Amino acid sequence: MITDLTKGKPSRVLFMFTLPLLGSVVFQQLYNISDSIIAGRFAGEDALAAIGVSYPVTMIFMAIAMGCNIGSSVIISQLFGSRRMSEMKTAVNTSFVMSAAISLCILLFGVIFCNPILKLLNTPENIFDDGGVYLNIFTYGLPFLFFYNISSGVFTALGDAKTPMYLLIGSSLGNIGLDLLFVAVFGWGVAGAAWATFIAQGAASVVSVIILFTRLNKLQYEIRPKIFDVGLFRRIGAVTIPSVLQQSFVSVGNLFIQGIINGYGSSVIAGYSAAIKLNTFAIMSFAAAGNAVSSYTAQNMGAGKTERIKQGYSAGVLISLAVALPFVLIYFIFCRFRAVSYNRKCFIFCRHALMLFMENDQSVTALKTGMEFLKIVSPFYLAVAVKIMTDGLLRGAGSMRAFMVSTFADLILRVILSYILSARFDTLGVWLSWPIGWIIATAIAFFFYKKGVWKRGLV
């Protein structure tokens with residue numbers, strides 16, 4: 001259902017809009033981690049490590065798709081907020097044409113360079129082949145990934161957060177079922193996990209596109225929408241390019257960090273892979289409010305209602321902090337207690353959460369690695385919550401320069417400090433680089449908000 005976010009009490013409108021986005025995040029992360037969980041438990045630690053080592057590469061592809069999602073949704077939200085319906089539909093059509101071209105180019109790149117990238121990352125020989133298999137199958141599904149992301153972005157831009165949630169529920173459950181069938185029953189290992197993702201993602205993409213255009217075709221337009229418009233393409237590109245760069249650079253930064261981790265062997269890779277999935281689950285959960293604020297801001301910018309934007313931002317910060325706090329308590333409290341051995345049950349939640357990815361308690365190094373990472377980074381989720389919320393406002397207002405500056409500060413510091421600190425403190429130094437980057441980036445983003453640069457965004 002299309003929803004007008006420019007009307008009603010800001011806190012209530014934003015809260016009700018955020019709830020299905022939270023549901024979507026839960027199932028999106030379930031979708032993302034099911035391959036690792038099932039492969040790790042039924043195919044062993046090396047399978048988990050193989051998927052883990054490919055994760056930063058797949059995240060680059062996903063980052064580009066998300067950048068296209070962001071660029072399209074900001075412009076579409078603003079056009080919808082200003083009630084320029086024909087231009088809005090043209091912007092949707094233009095976004096799909098753009099995403100089709102980009103996805104095909106990246107597919108070709110991925111087919112050629114996936115294995116060389118794994119070599120550059122110093123991937124251990126025992127997991128190299130499986131990592132390459134997973135990456136290559138994932139690459140062939142890139143057009144589905146891009147079309148689904150554009151569809152999801154358009155739904156959200158129009159105030160419909162429920163349809164993407166329902167689609168994610170279906171695709172997540174389908175992915176889990178196929179993972180179990182291909183990996184646990186057929187014994188296809190890493191390849192089975194990759195094919196499960198390919199099929200589930202493809203089905204969700206096709207269904208989402210059909211639903212979206214069926215609904216859009218029912219709207220009334222003052223003039224016939226175009227298939228492609230150069231002017232709108234430039235406007236979308238003005239937001240998409242920095243969004244793609246921002247998303248991609250973050251993923252490239254994670255790629256460098258993965259390269260450092262790979263030097264410590266497959267057990268450390270497996271532990272880091274498990275922990276980073278739990279970390280991503282936490283961050284993406286409270287990032288849902290940031291996505292809500294982005295669409296809310298864009299619609300209200302189009303309607304010229306800047307005061308509602310400030311009210312929505314304040315409400316969004318409270319919602320994001322409320323979602324982040326349980327993860328802080330769970331990850332930090334239950335990861336800080338030590339035991340005589342890593343087989344004891346004093347680790348409660350975190351231990352069992354990490355062990356979902358592992359075959360048995362014999363992976364002591366992997367378990368210790370994951371626990372240490374979560375213990376160090378989780379107390380700083382509250383800072384990340386504020387940053388993500390502020391980023392959402394800047395992005396929705398079209399203030400992409402400010403948005404990129406705060407993100408790049410985090411990225412650059414995290415990568416540089418990972419190299420510097422790991423030389424002295426090994427993996428501990430890598431973990432410490434995360435909160436330092438987060439704190440500085442949060443301060444920068446909040447500075448831009450208080451300065452009011454977002455008021456000069458796209459209209």
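The values are calculated or read from the model by the stated rules, or taken from the named source; none is laboratory data. Not measured: the values here are computed from a predicted model. Because the Cβ atoms are built from the backbone with ideal geometry, glycine has one as well, and the counts that use them run over all protein chains shown.
Does any residue of region 53-73 turn out to be closer than 21 Å to Asp229 by Cβ and among the aliphatic types (A, V, I, L, M)? It would help to see each step written out before you state the result.
Taking region 53-73 first, the residues closer than 21 Å to Asp229 by Cβ are 67-73.
Within this subset, residues satisfying the condition of being among the aliphatic types (A, V, I, L, M) are 70.
So far as region 53-73 goes, yes, one or more of its residues are closer than 21 Å to Asp229 by Cβ and among the aliphatic types (A, V, I, L, M).
Residues in region 257-287 that are surrounded by fewer than 21 Cβ atoms within 10 Å (Cβ to Cβ), aromatic (Phe, Trp, Tyr) and under 18 Å from Tyr331 (Cα atoms): Phe281 only.
Do we have any residue at all in region 138-153 that's of a type outside the set (Val, Ile, Thr), farther than 22 Å from Ile211 by Cβ and in a helix (DSSP H, G or I)? Yes, some residue in region 138-153 is of a type outside the set (Val, Ile, Thr), farther than 22 Å from Ile211 by Cβ and in a helix (DSSP H, G or I).
Going by what's in this entry, would Thr365 be described as modelled with pLDDT of 80 or more and of a type in the set (S, T, N, Q)? Walk me through how you get there before you give the answer.
Working: modelled with pLDDT of 80 or more: no; of a type in the set (S, T, N, Q): yes.
Judged against the criteria, Thr365 is not a match.
Applying a threshold of 8 Å to beta carbon distances and a minimum spacing of six or more residues, or different chains, the list of pairs starting in region 218-236 at a residue that is modelled with pLDDT under 90 and ending at one that is assigned to a loop (DSSP other than H, G, I, E, B) and surrounded by 11 or more Cβ atoms within 10 Å (Cβ to Cβ) reads Arg235/Leu458. The set of residues in region 240-254 that are surrounded by fewer than 24 Cβ atoms within 10 Å (Cβ to Cβ) and either over 15 Å from the mean Cα position of the chain (by Cα) or without any contact (Cβ under 8 Å) to a residue 40 or more places away in the chain (or both) comprises Ile241, Pro242.
Let's see how each residue does on (1) of a type in the set (Asp, Glu); (2) part of a loop (DSSP other than H, G, I, E, B):
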residue: Asp160; (1), (2): yes, yes
residue: Pro164; (1), (2): no, no
residue: Leu178; (1), (2): no, no
residue: Ser205; (1), (2): no, no
residue: Leu212; (1), (2): no, no
residue: Lys226; (1), (2): no, yes
residue: Thr240; (1), (2): no, no
residue: Phe256; (1), (2): no, no
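In region 183-209, the residue that is nearest to the chain's Cα centre (by Cα) out of those that are crowded, with 22+ Cβ neighbours inside 10 Å and within 15 Å of Gly44 (Cα to Cα) is Ala193.
Looking only at region 83-114, which residues are of a type in the set (Val, Ile, Thr) and either closer than 18 Å to Ala238 by Cβ or outside any helix (DSSP H, G or I) (or both)?
Quick first cut of region 83-114, residues of a type in the set (Val, Ile, Thr) only: 90, 92, 94, 97, 102, 106, 111-112.
Scanning region 83-114 gives Thr90, Val92, Thr94, Val97, Ile102.
Quick one: in region 303-362, which of the residues that are acidic (Asp, Glu) and not in a helix (DSSP H, G or I) is modelled with the lowest pLDDT?
Taking region 303-362 first, the residues acidic (Asp, Glu) are 307, 359, 361.
From the residues that got through so far, the ones that are not in a helix (DSSP H, G or I) too are 359, 361.
Values: Glu359: 56, Asp361: 50.
This residue is Asp361.
Listed here are the residues, each with its yes/no results for (1) of a type outside the set (A, V, I, L, M, F, W, C); (2) at pLDDT below 85; (3) farther than 25 Å from Gly290 by Cβ.
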position: Val74; (1), (2), (3): no, yes, no
position: Arg84; (1), (2), (3): yes, no, yes
position: Glu87; (1), (2), (3): yes, no, yes
position: Ile102; (1), (2), (3): no, no, no
position: Val111; (1), (2), (3): no, no, yes
position: Asn122; (1), (2), (3): yes, yes, yes
position: Asp129; (1), (2), (3): yes, no, yes
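When Thr442 is tested against (1) among the hydroxyl-bearing types (Ser, Thr, Tyr); (2) buried (at least 21 other Cβ atoms within 10 Å of the Cβ); (3) closer than 30 Å to Thr365 by Cα, exactly one condition is not met: (3).
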